[in-house]
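Novice: My questions all concern the structure below.
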Amino acid sequence: MNGIYTILLLILSNVFMTLAWYGHLRLQQSGVSAHWPLMMVIVFSWCIAFFEYCCQVPANRLGFIGNGGPFSLVQLKVIQECISLVVFAVIANMLFQNQSLHWNHAAAFLCLVAAVYFVFME
């Protein structure tokens, strides 16, 4: 079960991370934060990133083999990167609807799947 909880927390963490890193760009486009000073944008993003850490840290603790989880440190990182890119692709497509995915994005994702496969090989 720790593996499932780890993956779910990583997904949630990456949703917050993507919103913290790129959501302010959408707010700027919509005019909400167009006149905010940079420091206010940074603080706003860090407020969102707080929730990322609230999910990321427990995910790594639950998932790490040294704490009774099923994943090595390298496996956790590769899983996180794959989840990060999938979540980013979905959110970027929702927030910035003029962004579309192409064949090279699918090819890159297949390379990531291969990386996961190789990391989990013994």
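The numbers here are math on the coordinates, done by the rules we state, and not lab data. Nothing here was measured: the structure is a model prediction, and the numbers come from that model. Cβ placement follows ideal geometry from the backbone for every residue including glycine, while neighbour counts extend to all protein chains displayed.
Novice: Would you call V78 in contact with a helix residue (DSSP H, G or I) (Cβ under 6 Å, 6 or more places away or on another chain) and either touching a residue at least 12 places away in the same chain (Cβ under 8 Å) or buried (at least 17 other Cβ atoms within 10 Å of the Cβ) (or both)?
Specialist: Criteria met by V78.
Novice: Just give me the residues in the stretch 66-117 being under 20 Å from G23 (Cβ atoms), among the small types (G, A, S) and in a helix (DSSP H, G or I), in sequence order.
Specialist: If the condition is that a residue be under 20 Å from G23 (Cβ atoms), among the small types (G, A, S) and in a helix (DSSP H, G or I), then S84, A89, A92 are the ones that fit.
Novice: Now for a separate question. Of all residues in the stretch 21-35, which are part of a helix (DSSP H, G or I) and surrounded by fewer than 19 Cβ atoms within 10 Å (Cβ to Cβ)?
Specialist: Hits for the stretch 21-35 are W21, Y22, G23, L25, R26, L27, Q28, Q29, S30.
Novice: Residues of the stretch 58-94 being over 21 Å from E122 (Cα atoms) and hydrophobic (A, V, I, L, M, F, W, C), which ones?
Specialist: A59, L62, I83, L85, V86, V87, F88, A89, V90, I91, A92, M94
Novice: Right, next: Could you list all residues from the stretch 36-68 that are surrounded by 16 or more Cβ atoms within 10 Å (Cβ to Cβ) and in contact with a strand residue (DSSP E or B) (Cβ under 8 Å, 6 or more places away or on another chain)?
Specialist: G63, F64
Novice: Scan the stretch 97-119 and tell me whether some residue there is in contact with a Ser or Thr (Cβ under 9 Å, 6 or more places away or on another chain) and either touching a residue at least 40 places away in the same chain (Cβ under 8 Å) or surrounded by fewer than 18 Cβ atoms within 10 Å (Cβ to Cβ) (or both).
Specialist: yes
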